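Working notes for the structure below.
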Amino acid sequence: MNKEIRSPIDRVSLVEMGPRDGLQNEARMLSLAQRQVFVERLVACGLQRIEVGAFVSPKRVPQMADSAALLEALPRKGATRYGALVPNLQGLQGAIQARVDEIGLFTACSDGFTRANIGIGVEESLVRFAPLVAEARRLGIKVRGYLSTVIACPYEGPTKPKRVAALAERLLDLGCHEISLGDTIGVGTPGTVVPMLDAVLHEVPAGRLAVHFHDTYGQGLANLLPALERGIRTIDCSVAGLGGCPYAPGASGNVASEEVVYLLHGLGMHTGVNLEALAATGQWVSEQLGRPNGSRVGQALHARASHPAAETTQGDHHAG
């Protein structure tokens, strides 16, 4: 790696996906009150971009029911921006009424995955998005385009980098202010991520891109490094590694926010996030969901907080 990651003042923007992409794939549902506490805790950690819900059918995604009520209940202070996923015009209208700051539109690089997820092909999804983007922009609401299966599709196999680049450019031309490149099933390695990023960056500036890596094979952090080297400074992540993908069996959640913050701070990069508070929030939500904490950094910090003397006495038990 011979490219420079850091600049003199290097800030990375984190988009916290836990309350939406994370919770919608968890078996246990949180109440509206629990979801509100969850988001408020994330705000207190210093996270300024949080995707909090989705305006989709509650029958299809029951975990996202009451997203409008959640947005209306959340405090509006500081620079925090709340986002929500919007699949159609009806969802957009609901999001607008709930005073959303940013909407997310979803498509993918493969027809098979797009049909499984939203019932239509890629081309039709782009046609559907056009009036949604136009209306959101007219109202001053930023639009984020999610482009999934950028490395591979569970139905159609590997994705060609040129395909990703062409669709990312179309989302940009459509009016999306940012395109999130998603390795939805988490099969990517730096060897497959690099050619994809280079192809996309030929068409779309780094400042308009985000990366969204699932950690199914433990490659999430490794895949972040070539993105950082190429000037991408927006990263999607999910506290405690929440989530998965219902259409990709075995896919784990997004790379854990705690891991991302630990890595970035170790590189001397700025996030504005309090790692200890974030780890405590990850532990809290894991307990609420009755699931193990999916963040190794979170586990380590929780253990240290629970047994503060352990680190000072550790050497006595492992002298060699």
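The values are calculated or read from the model by the stated rules, or taken from the named source; none is laboratory data. Just so we're clear, the structure is a prediction, and the values are computed from it rather than from any experiment. Backbone-built Cβ (ideal geometry, glycine too); neighbour counts: all protein chains shown. Protein only, heavy atoms only, side chains kept; ligands, DNA and RNA dropped before computing areas. Shrake-Rupley method; radii C 1.70, N 1.55, O 1.52, S 1.80 Å.
What's the total number of residues in region 289-309 that are open to solvent by 80 Å² or more (accessible area, probe 1.4 Å), assigned to a helix (DSSP H, G or I) and free of Cβ contacts under 8 Å to residues at least 24 places away in the same chain?
2
Residues are listed down the side, and each one gets a yes or a no for (1) open to solvent by less than 30 Å² (accessible area, probe 1.4 Å); (2) at pLDDT below 95; (3) out of contact with any strand residue (DSSP E or B) (no Cβ under 8 Å at 6 or more places or on another chain):
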{"residue": "40", "(1), (2), (3)": "no, no, yes"}
{"residue": "53", "(1), (2), (3)": "yes, no, no"}
{"residue": "57", "(1), (2), (3)": "no, yes, yes"}
{"residue": "82", "(1), (2), (3)": "yes, no, no"}
{"residue": "115", "(1), (2), (3)": "no, yes, yes"}
{"residue": "125", "(1), (2), (3)": "yes, yes, no"}
{"residue": "139", "(1), (2), (3)": "no, yes, yes"}
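Suppose the filter is assigned to a loop (DSSP other than H, G, I, E, B), under 17 Å from the mean Cα position of the chain (by Cα) and within 18 Å of residue 257 (Cβ to Cβ); does residue 22 pass it?
So residue 22 fails the test.
State all residues of region 51-90 that are closer than 18 Å to residue 140 by Cα and in contact with a Ser or Thr (Cβ under 8 Å, 6 or more places away or on another chain); if no residue qualifies, say none.
84
Mind listing just one residue for me: the one in region 121-146 that is free of Cβ contacts under 8 Å to residues at least 24 places away in the same chain and assigned to a loop (DSSP other than H, G, I, E, B) and, of those, farthest from residue 110 (Cα to Cα)?
140
When you go through (1) outside any helix (DSSP H, G or I); (2) within 21 Å of residue 150 (Cβ to Cβ); (3) aliphatic (A, V, I, L, M); (4) at pLDDT 95 or above one by one for residue 248, which number turns out not to apply?
Single failed check for residue 248: (4).
Name the residues in region 273-288 that are open to solvent by 10 Å² or more (accessible area, probe 1.4 Å) and either closer than 12 Å to residue 256 by Cβ or more than 17 Å from the chain's Cα centre (by Cα) (or both), would you?
274, 275, 276, 277, 280, 283, 284, 287, 288, listed by residue number.
Looking only at region 194-245, filter to residues that are of a type in the set (Ser, Thr, Tyr) and modelled with pLDDT of 95 or more; which one of those is most open to solvent (accessible area, probe 1.4 Å)?
234
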